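Below is one structure; the comments refer to it alone.
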Amino acid sequence: MDIKDIKAVYFVGAGGIGMSAIARYFIRKGLVVAGYDKTPSDLTRQLEKEGMLIHYEENTDEIPQACRNAQSCLVVYTPAIPQEHKELQYFRKGGFTIEKRAQVLGTLTRAHKGLCFAGTHGKTTTSTMCAHIMHQSHLDCNAFLGGISKNYGTNYILSDESDYVVIEADEFDRSFHWLRPWMSVITSTDPDHLDIYGTKEAYLESFRHYTTLIQPGGALIIHTGLEMKPDVQPGVKTYTYSRDEGDFHAENIVIDNGEITFDFVSPIEAVKGIQVGQPVPINIENSVAAMAMAQLNGCTAEELKYGMKTFHGAQRRFDFKIKTDKLVFLSDYAHHPKEIYQSAKSIRELYKNRKITAIFQPHLYTRTRDFYKDFADALSQLDEVILCDIYPAREQPIPGVTSQLIYDNLKPGVEKSMIHKEDVLELVKQRNFDVLIVLGAGDLDNYVPQIAKILESKG
């Protein structure tokens, strides 16, 4: 369905954070937006206030009249909705265009200039950075992000005027193959999601195919040294980037007293004195990629400097909760060995002479089975590691695969222990910490506000 033909949009499963961002885009465009969700939440109630018609009973009679025309109503569903759902069945039988969130984002990249950020890790921070730079510039942008921007308190940015849309391109189930980017950054291609892909080769092939989807006239900005070889169409320019080399990179890096500055080297225009708003060493590289994308689309040197200086980060991406001379406490979503390696390296670089403790909840049995030695190596950069049970997400337990595998492979000299997630708060009450980081993509993050309160109460 062409976006200009859409008059109404119906969401089967309206309350997820990714779905809600798209709903808001269509509300902003003045379309009729309605939908079903299983239970009311703060998010659905807010959407209702903004103009969305939502009901909470599986009932086709509740579908508004404007959403009953297959020629003008787009239906968006979440895969979490069972196939036998009565409303989903109604739309299927009626010949409606029914799309997943990733497909809708693909439609938006055909209607706007899609600036897409793909990669095993780094894409949330880098896309959020770029969206902030663009939004603060004369270009502005729409954005659909994979995390909550701390600058805006949300995962989306909407613009009535801009033709740009910044999108985090998710490789999890090949969702990014729906996109048609104008330009794309690829941050990394370290094999992940092998429960879906099966082999490293299949994972890399998926990224190669993704590069074929970039539109002629656009560009690919790819990290140096990746195992994956791009395969862009004629008319697509390819640029390289990294912290220290490539077409775009950083020079004269100064990390001092919790601040980071560097000079941005670029084939378009070099920019001196970039100040990193979220001063974490890994963000030097992320900044280079975000600025490369923004600059290629017309952001000025001053707009780059201002955007970087005022960037506050994304929630759960090196997210500082307490930062004093006595105590540092932060939360980080890192859940792949390479991510953990970068997080651990960055925090060690920032706090060279302090004791760093990590509480880590591994995510998925398959990922732990495939990478337990790499996890142990990455975590061994720190002084102390406290391991929780594996967060299963979508998986059933695998015999013999537990956090013990990581525990047994930590390097000599690392203080280590294992703990049930439910006992973490009690541990924090009993212990004193110097630098504490909670790592992982599971549900341990739900405890972070309570951990922060306990630590603050100790003074």
**Request:** For the stretch 304-338, enumerate the residues that are in a loop (DSSP other than H, G, I, E, B) and within 26 Å of Asp370 (Cβ to Cβ).
**Result:** Arg316, Arg317, Phe318, Tyr333, Ala334, His335, His336
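Just to be sure, is Leu364 more than 23 Å from the chain's Cα centre (by Cα), in the same structural domain as Met418 (by TED's automatic domain parsing) and either within 18 Å of Asn283 (Cα to Cα) or buried (at least 23 other Cβ atoms within 10 Å of the Cβ) (or both)? Steps first, please.
Working: more than 23 Å from the chain's Cα centre (by Cα): no; in the same structural domain as Met418 (by TED's automatic domain parsing): yes; either within 18 Å of Asn283 (Cα to Cα) or buried (at least 23 other Cβ atoms within 10 Å of the Cβ) (or both): yes.
Judged against the criteria, Leu364 is not a match.
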**Request:** Output the residue which, of all residues in the stretch 312-361 that are more than 17 Å from the chain's Cα centre (by Cα) and among the small types (Gly, Ala, Ser), is surrounded by the fewest Cβ atoms within 10 Å (Cβ to Cβ).
**Result:** Ser346
**Asked** What residue, of Asp423, Asp434, is over 16 Å from Tyr372 (Cα atoms), touching a residue at least 12 places away in the same chain (Cβ under 8 Å), charged (D, E, K, R) and assigned by TED's automatic domain parsing to the domain that holds Val385?
**Response** Asp434
**Residue within the stretch 153-165 that is in contact with a Gly (Cβ under 8 Å, 6 or more places away or on another chain), in a loop (DSSP other than H, G, I, E, B) and buried (at least 20 other Cβ atoms within 10 Å of the Cβ) present** = no
**Complete:** Of the candidates Ile255, Ile268, Ile282, the one satisfying the condition of being farther than 22 Å from Ala131 by Cβ, touching a residue at least 24 places away in the same chain (Cβ under 8 Å) and in the same structural domain as Thr124 (by TED's automatic domain parsing) is Ile255
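What about Gly413, is it within 14 Å of Val385 (Cβ to Cβ) and out of contact with any helix residue (DSSP H, G or I) (no Cβ under 7 Å at 6 or more places or on another chain)?
Details: within 14 Å of Val385 (Cβ to Cβ): yes; out of contact with any helix residue (DSSP H, G or I) (no Cβ under 7 Å at 6 or more places or on another chain): yes.
Taking the combined requirement at face value, the residue satisfies it.
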**Asked** Restricting attention to the stretch 204-225, does a residue exist that is part of a strand (DSSP E or B) and surrounded by fewer than 20 Cβ atoms within 10 Å (Cβ to Cβ)?
**Response** no
**Message:** Can you tell me which of (1) farther than 22 Å from Ser287 by Cα; (2) assigned to a loop (DSSP other than H, G, I, E, B); (3) more than 20 Å from the chain's Cα centre (by Cα) is the one Asp173 doesn't meet?
**Reply:** (3)
**Residue that is farthest from Ala111 (Cα to Cα), among those in the stretch 10-48 that are among the aromatic types (Phe, Trp, Tyr) and in contact with a Gly (Cβ under 8 Å, 6 or more places away or on another chain)** = Tyr36
**Request:** Could you check how many residues of the stretch 391-421 are assigned to a helix (DSSP H, G or I) and either of a type in the set (Val, Ile, Thr) or more than 27 Å from the chain's Cα centre (by Cα) (or both)?
**Result:** 6
**Request:** Residues being without any contact (Cβ under 8 Å) to a residue 60 or more places away in the chain and touching a Leu at 6+ places or on another chain (Cβ under 9 Å): count how many of those fall in the stretch 342-355.
**Result:** 2
**Request:** Only one of these is under 20 Å from Gln103 (Cβ atoms) and either of a type in the set (D, E, K, R) or outside any loop (DSSP other than H, G, I, E, B) (or both): Ala80, Ala34, Ala66, Ala70. Name it.
**Result:** Ala34
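The values are calculated or read from the model by the stated rules, or taken from the named source; none is laboratory data. Note that the coordinates shown come from a computational prediction; the quantities given were computed from them, not determined experimentally. So basically every Cβ, Gly included, is an ideal-geometry build from the backbone, and we count neighbours across all protein chains shown.
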